Amino acid sequence: MGNANETPILSPEAVDALLGWYRSNARDLPWRHTRDPYRVWISEIMLQQTRVEAVKPYYARFLEAFPTVFDLAAAPEDRLLKLWEGLGYYSRARNLQKAAQMVVRDYGGEMPADETLLRSLPGIGDYTAGAIASIAFGLPVPAVDGNVLRVLSRAVGSRDDIADPAAKSRFRSSLRSVIPTDASAFTQSLIELGACVCVPNGDPKCAVCPLAPFCVANRDDLTAELPVKSSKKPRRIENLTVFIIRDGARTALRKRPPAGLLAGLYEYPNVRGHLSPHEVPAVIRTMGFAPLDVRRVEDAKHVFTHIEWHMIAYTVHVAPMSDGYHPPSGCYLVNAAERLSDYAIPSAFSAYTKYGTKEPNR
Ligand code: ADE
């Protein structure tokens with residue numbers, strides 16, 4: 001693939017068919033009303049691993065809060081994480097801010113119109129650099145994510161393992177030589193086809209696909225076999241015991257460490273392992289609270305990319321703390337009714353929000 005003397009990955013006729021289809025079938029999405037590189041960048045980061053419908057309200061709120069790269073660069077981290085709350089993969093938000101600070105410092109607040117410089121920014125890899133370069137700047141740079149890999153594997157009948165970075169790299173270089181003048185529409189048309197026609201789950205809608213006349217998988221009835229993707233290793237399971245600790249109107253929250261999973265977010269205090277009810281009071285005392293009453297509530301599970309949390313949980317009523325008391329565990333006592341919603345708490349804990357926020361019944 002990719003040499004001048006080889007067949008191009010998409011013929012000029014296939015590229016035309018794709019662009020024509022995109023012009024009349026593209027969804028009207030908020031980030032398609034702009035070529036502003038800052039806005040395109042925010043949309044592409046939010047859309048990583050996240051559904052379009054889920055992204056829409058976050059995209060609007062985020063740009064209202066941080067309309068320019070300068071606003072994002074200067075934002076307090078807690079505010080940033082609060083705006084990202086529920087979207088998941090929080091390192092995306094922290095990388096966005098680091099990159100914004102670099103754009104302000106090194107490029108006077110203008111995103112660089114250059115694939116290599118874009119890729120040197122935190123959180124921007126091959127795909128995102130290609131997406132910003134092509135969609136915002138119109139540069140002939142490929143943007144190949146899992147969806148585009150599916151489209152291309154089927155189109156050319158490739159049995160290469162799309163989980164293999166070398167295969168991805170081959171697709172990127174062969175795509176480079178077929179990018180038309182309107183690189184922006186070309187990138188988006190491949191993304192759109194992967195989202196709406198050559199869909200990730202279920203049968204592709206070949207009857208309405210502009211590439212069907214050019215597609216090897218369609219011709220040879222291979223859509224069920226392609227793309228080939230080697231299976232990932234299984235996720236690690238972590239058992240946790242979560243405590244919703246209340247002293248009357250206040251709930252204990254703890255800030256997670258500045259690096260690692262869910263870095264910098266707030267959580268209900270928790271420990272590794274599944275504790276039985278009689279083990280709970282001693283642990284609560286080590287956190288600096290005096291437990292009065294312990295009740296088991298429902299279990300919950302949360303699936304991250306590489307880890308699964310299997311949580312059991314207890315509500316723990318503790319003796320009232322004086323105002324200003326700061327427990328040795330690094331917990332914050334937050335007035336549940338008024339303030340809890342100011343803190344970014346990841347959706348991994350959403351099963352327990354109701355215990356953290358409701359008025360205590362005693
Ligand atoms: N997924 C990734 N980028 C996208 C875009 N620009 N529009 C729709 N879905 C996307």
Mind ranking 152-162, 172-182 by how tightly packed they are, going by the mean number of other C-beta atoms within 10 angstrom, highest first?
152-162, 172-182
Could you pull out every residue, at least 5 positions away or on a different chain, whose amide H is within less than 5 Å of the one on residue 240? Hs are placed 1.01 Å off N in the peptide plane, and Pro or chain starts have none.
273, 310, 311, 312
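Compute and list, largest first, the equivalent-ellipsoid semi-axes of region 37-109 from the alpha carbon gyration tensor, each √(5λ) rounded to a whole angstrom.
After scaling each eigenvalue by five and taking roots: 19, 12, 11 Å.
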Of the candidates 124, 208, 88, the farthest towards the positive dipole end of the chain (Lys/Arg Cβ +1, Asp/Glu Cβ -1, centred on the Cα centre) is 88
Ratio of the Cα radius of gyration of region 175-214 to 2.2 N^0.38 Å, where N counts its residues
1.26
If each part is reduced to its alpha-carbon centroid, region 64-90 and region 212-227 end up apart, in Å, by 42
Over all distinct Cα pairs, what is the inverse of the mean 1/r for the chain, reported as the Kirkwood hydrodynamic radius in Å?
23.1
Counting other beta carbons within 10 Å of each Cβ, put 312, 191 in order, fewest first.
312, 191
Given region 284-353, report the % of alpha carbon pairs whose separation exceeds 13 Å.
74
Report the equivalent ellipsoid semi-axes for region 196-269 in whole Å, largest first, defined as the square roots of five times the eigenvalues of the gyration tensor built from alpha carbon atoms.
50, 16, 12
Projected onto their principal axes, the Cα atoms of region 1-127 stretch, largest extent first, over whole-Å spans of 52, 32, 23
List the chymotrypsin sites (Phe, Trp or Tyr not before Pro) within region 248-332 that DSSP assigns to loop and that have no more than 15 neighbouring Cβ atoms inside 10 Å.
325
State the Kirkwood hydrodynamic radius of region 217-362 in Å, one decimal place, computed from all pairs of distinct Cα atoms.
16.9
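Sorted by packing (mean other beta-carbon atoms within 10 Å per residue), highest first, where do 34-41, 142-149 land?
Packing proxy ranking, top to bottom: 142-149, 34-41.
Each value in this text was obtained by applying a stated rule to the coordinates, not by laboratory testing. What you see is a predicted model, and the numbers here were worked out from it, not measured in a lab. Note that each Cβ is placed from the backbone with ideal geometry, even for glycine, and that neighbours are counted across all protein chains shown.
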